[in-house]
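Chemist: Starting off with a structure, shown below.
The values are calculated or read from the model by the stated rules, or taken from the named source; none is laboratory data. Predicted model, so just to flag it, every value in this text is computed and none were measured. Cβ sites come from the backbone with ideal geometry, for glycine too, and all protein chains shown count toward neighbours. For accessibility, only protein heavy atoms count, side chains too; no ligands or nucleic acids. Shrake-Rupley method; radii C 1.70, N 1.55, O 1.52, S 1.80 Å.
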Amino acid sequence: MPISESVDRGARMVRFVARGQLVVDEMLAAVDRAVAAAGDETGWSVLSDHRALDVPATGDQVRAMLEHIRMHGQAFYGSRWAVVTIAPASFGMMRMLGTLAESIPIAVRIFADVPEALRWLQETP
């Protein structure tokens, strides 16, 4: 499975790990599983680890995921979304994600390592 998710209810954090090549249906299913686990609460933090992707997300995939979150992902409204990547092309696509996500609103930042991303997620906004 290219995307796995885990939910830490105590920390109100969802972790996604993406591997290989992304497929839109699998991306949306992972979001749906995380939203179901979060319940009616909003503002969950997200740590999305893309270091094991073979190919970065495409613009169409990013837009499809954000539209799905807009329609079904209220748990992520008002959240911080930390993306960890080391690939320059993935970095660029995640910058696009960040720009588009502002309208939901979701604050997206891109990091090269998990500890730095976790520090940002744990800061008080």
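Chemist: How many residues are exposed (fewer than 14 other Cβ atoms within 10 Å of the Cβ) and part of a helix (DSSP H, G or I) if we restrict to segment 105-115?
Modeler: 1
Chemist: Further, regarding this structure: State the number of residues belonging to segment 20-44 that are among the acidic types (Asp, Glu) and assigned to a loop (DSSP other than H, G, I, E, B).
Modeler: So the answer is 2.
Chemist: Between a residue in segment 75-92 that is over 11 Å from PRO105 (Cα atoms) and any residue that is open to solvent by 10 Å² or more (accessible area, probe 1.4 Å) and acidic (Asp, Glu), which pairs come within a Cβ distance under 7 Å, given they are 6 or more apart or on different chains?
Modeler: Qualifying pairs under 7 Å: ALA75/GLU41; VAL84/ASP49; VAL84/ASP113.
Chemist: Anything in segment 111-125 that is of a type in the set (Val, Ile, Thr) and in contact with an Asp or Glu (Cβ under 9 Å, 6 or more places away or on another chain)? List them, or say none.
Modeler: Residue satisfying the conditions is VAL114 alone.
This table checks each residue for (1) open to solvent by 70 Å² or more (accessible area, probe 1.4 Å); (2) more than 21 Å from ASP8 (Cα to Cα); (3) not in a helix (DSSP H, G or I).
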site: VAL46; (1), (2), (3): no, no, yes
site: ASP60; (1), (2), (3): yes, yes, no
site: SER103; (1), (2), (3): yes, yes, yes
site: ARG119; (1), (2), (3): yes, no, no
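Chemist: Still on this structure, please answer the following. State yes or no: is GLY78 under 22 Å from ARG9 (Cβ atoms), of a type in the set (Gly, Ala, Ser) and open to solvent by 30 Å² or more (accessible area, probe 1.4 Å)?
Modeler: On the way: under 22 Å from ARG9 (Cβ atoms): yes; of a type in the set (Gly, Ala, Ser): yes; open to solvent by 30 Å² or more (accessible area, probe 1.4 Å): yes.
It is true that GLY78 is under 22 Å from ARG9 (Cβ atoms), of a type in the set (Gly, Ala, Ser) and open to solvent by 30 Å² or more (accessible area, probe 1.4 Å).
Chemist: Quick one: ALA36 ticks every box in (1) touching a residue at least 24 places away in the same chain (Cβ under 8 Å); (2) open to solvent by 30 Å² or more (accessible area, probe 1.4 Å) bar one, so which box is it?
Modeler: Checking ALA36 against (1) touching a residue at least 24 places away in the same chain (Cβ under 8 Å); (2) open to solvent by 30 Å² or more (accessible area, probe 1.4 Å), the one that fails is (1).
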